[in-house]
Amino acid sequence: MKSTDVIIIGAGYSGLSAAYYLQRKGLTVKVLEALSHPGGRARSTKLDGFTLDRGIHFYHNSTTELAKIINIQELGLKNTYPGYLLRYQGMFNLFTNPLYQTLDTVSTALAKNASFTDKIRLFGLYAKLKTSTYNKLVKEPDSSTFEYLSKTGFSKKLIDSFFRPMLAANIFDYNLQSSSRFSKVYLKSLFQDHVALPKDGIGKIASSIAAQLDDNTISFKTKVKRITDNGVELINGDFIESKFVVVATNAIDANLMAGEKIMPAECSHVSTLYFTTDKAPLSKPVVILNGNNGTTIVNHVFVPSLLHPEYAPKGKHLVAVNVVKEHDLDDEELEVKCLTELSEWFGLKVMDWQHLKTYHIKYAMPFKPILDEVKFSKKISNTVYACGDSLSVGSMESALRSGRETADIIAQEFVKGNHKKRDFAESN
């Protein structure tokens, strides 16, 4: 490959965003992606007429960065039901965003697992987060999420039956050991916002961004072995020279390529099992949370074909079952355990569901035990930068902003002529 101004490693949201803004600043860019398609951990696969997102992802309507790059209307977004269906002690109760329902509705939904004090404090938390800015939340005193919820006065019963599965469904932290600042940012977004899915799967977002780039910007199935002071060495031994390198992969891969820890690599994992059935197990496109703490393994369930029939062939439905807890089950054992648990939810008809695919997402979300500061770009050397949501809060919004701000910094370095300086150790 020819020499280029900037090499970007990774075609996830942050890498695509950086490429978009760098090209609009007149720089030549080459994006190197190890897989055969863009999107990173937010991508979709077609299988026998089904659209399988690699794990359950949702688009938050409060997102602002994406609209700077693409026309949001082309995604064909539809909103999920605004709330959760909570499975607790053998019953389903609808817990709906207070913005859309009355206090009585939510109180009824939480009748079994929340005291009157819990309900009052829940509305107090909702009011606090709704009126607090994101910048204010990330500067508040930090602790584990469990400690924060306990100190706020919520009962252990409500924490275990509602907050655990709800936060596990969004940041994959069932143990509630992530930063309370990190969790509050997500809770604020969930409390005040609809979430949605594109008609053609979550991967449509990345492909729409990629379509805004110059032709042949992305080289797929191109894996980087290491970063040097003036470019990158590929796994096949080829070398590509560049003035700057942007590392926009997950933190684990970034650290391996750099030969040192350049990004925090703590992360959460999730497994998503997809099943097909002729009849959907519920009637609304709502996320079902498992509020029963203990030996159960299913955390949340969603039927995307209820939101977008295009996710499944005509006459079929697609069911996504998500496991967040750690386990030592093989794929067959995991499938059997999930179906056995869900047969208690929906009846023995569940045993007729057909398994389509199981995804194990090893880097599903950056894990933040402490969120001491929010960064959107990191300078590794005079010529190497890292970007991505591993530096801040795990989300599409953070990833896109990270790419944009990193592009701005590199463009400024070009104006200053600093691309002529090198100090990234060859030994890396």
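For segment 290-311, filtering for residues that are open to solvent by less than 10 Å² (accessible area, probe 1.4 Å) and among the small types (Gly, Ala, Ser) leaves 2.
If you check residue 142 against the conditions, is it open to solvent by 20 Å² or more (accessible area, probe 1.4 Å), touching a Ser or Thr at 6+ places or on another chain (Cβ under 9 Å) and among the acidic types (Asp, Glu)? Spelling it out, residue 142 is indeed open to solvent by 20 Å² or more (accessible area, probe 1.4 Å), touching a Ser or Thr at 6+ places or on another chain (Cβ under 9 Å) and among the acidic types (Asp, Glu).
Of the strands (runs of 3 or more DSSP E) lying entirely inside segment 1-88, those containing at least 1 residues that are more than 18 Å from residue 306 (Cα to Cα) span 4-9, 29-32, 44-47, 83-88. Looking only at segment 220-232, residues that are modelled with pLDDT under 95 and touching a Lys or Arg at 6+ places or on another chain (Cβ under 8 Å) come to 2 in all.
Residue-wise test of (1) part of a strand (DSSP E or B); (2) more than 17 Å from residue 41 (Cβ to Cβ); (3) out of contact with any strand residue (DSSP E or B) (no Cβ under 9 Å at 6 or more places or on another chain).
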residue: 227; (1), (2), (3): yes, yes, no
residue: 232; (1), (2), (3): yes, yes, no
residue: 237; (1), (2), (3): no, yes, no
residue: 240; (1), (2), (3): yes, yes, no
residue: 245; (1), (2), (3): yes, yes, no
residue: 253; (1), (2), (3): no, no, no
residue: 257; (1), (2), (3): no, yes, no
residue: 265; (1), (2), (3): no, no, no
residue: 268; (1), (2), (3): yes, no, no
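Among the helices (runs of 4 or more DSSP H) lying completely within segment 150-217, list those that include at least 1 residues that are farther than 21 Å from residue 84 by Cβ.
Working: elements: 164-171, 180-192, 203-210.
Of the helices (runs of 4 or more DSSP H) lying wholly inside segment 150-217, those with at least 1 residues that are farther than 21 Å from residue 84 by Cβ span 180-192, 203-210.
Can you pull out every residue in segment 234-252 that is surrounded by fewer than 21 Cβ atoms within 10 Å (Cβ to Cβ) and under 22 Å from residue 326 (Cβ atoms)? Within segment 234-252, just 252 meets the criteria.
Here is a yes/no grid of residues against (1) at pLDDT below 95; (2) open to solvent by 60 Å² or more (accessible area, probe 1.4 Å); (3) in contact with a Leu (Cβ under 6 Å, 6 or more places away or on another chain); (4) part of a loop (DSSP other than H, G, I, E, B):
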{"site": "342", "(1), (2), (3), (4)": "no, no, no, no"}
{"site": "350", "(1), (2), (3), (4)": "no, no, yes, no"}
{"site": "358", "(1), (2), (3), (4)": "no, no, yes, no"}
{"site": "362", "(1), (2), (3), (4)": "yes, yes, no, no"}
{"site": "371", "(1), (2), (3), (4)": "yes, no, no, yes"}
{"site": "374", "(1), (2), (3), (4)": "yes, no, no, yes"}
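Restricting 326, 335 to residues that are at pLDDT 95 or above and open to solvent by 40 Å² or more (accessible area, probe 1.4 Å) narrows the list to 335.
Test residue 140 against the criterion of being over 30 Å from residue 33 (Cα atoms), of a type outside the set (Val, Ile, Thr) and either part of a loop (DSSP other than H, G, I, E, B) or in contact with a Cys (Cβ under 8 Å, 6 or more places away or on another chain) (or both), and give yes or no. Don't jump to the end; show me each part of the working.
On the way: over 30 Å from residue 33 (Cα atoms): yes; of a type outside the set (Val, Ile, Thr): yes; either part of a loop (DSSP other than H, G, I, E, B) or in contact with a Cys (Cβ under 8 Å, 6 or more places away or on another chain) (or both): yes.
Considered against the rule, which asks whether it is over 30 Å from residue 33 (Cα atoms), of a type outside the set (Val, Ile, Thr) and either part of a loop (DSSP other than H, G, I, E, B) or in contact with a Cys (Cβ under 8 Å, 6 or more places away or on another chain) (or both), residue 140 comes out as yes.
Are any residues in segment 40-93 aliphatic (A, V, I, L, M) and either farther than 24 Å from residue 356 by Cα or open to solvent by 30 Å² or more (accessible area, probe 1.4 Å) (or both), and if so, which ones? Full working, then the answer.
Restricting attention to segment 40-93, the residues satisfying the condition of being aliphatic (A, V, I, L, M) are 42, 47, 52, 56, 66-67, 69-70, 72, 75, 77, 85-86, 91.
If the condition is that a residue be aliphatic (A, V, I, L, M) and either farther than 24 Å from residue 356 by Cα or open to solvent by 30 Å² or more (accessible area, probe 1.4 Å) (or both), then 47, 66, 67, 69, 70, 72, 75, 77, 85, 86, 91 are the ones that fit.
Per the conditions (1) modelled with pLDDT of 95 or more; (2) surrounded by 20 or more Cβ atoms within 10 Å (Cβ to Cβ); (3) within 17 Å of residue 58 (Cβ to Cβ), the sole criterion not satisfied by residue 287 is (1).
The values are calculated or read from the model by the stated rules, or taken from the named source; none is laboratory data. Quick caveat, the model's predicted, so the values are computed rather than measured. Please note: Cβ atoms are built from the backbone with ideal geometry, for glycine as well, and neighbour counts cover all protein chains shown. We work out accessible area using only protein heavy atoms, side chains counted, and drop any ligands, DNA or RNA first. Shrake-Rupley method; radii C 1.70, N 1.55, O 1.52, S 1.80 Å.
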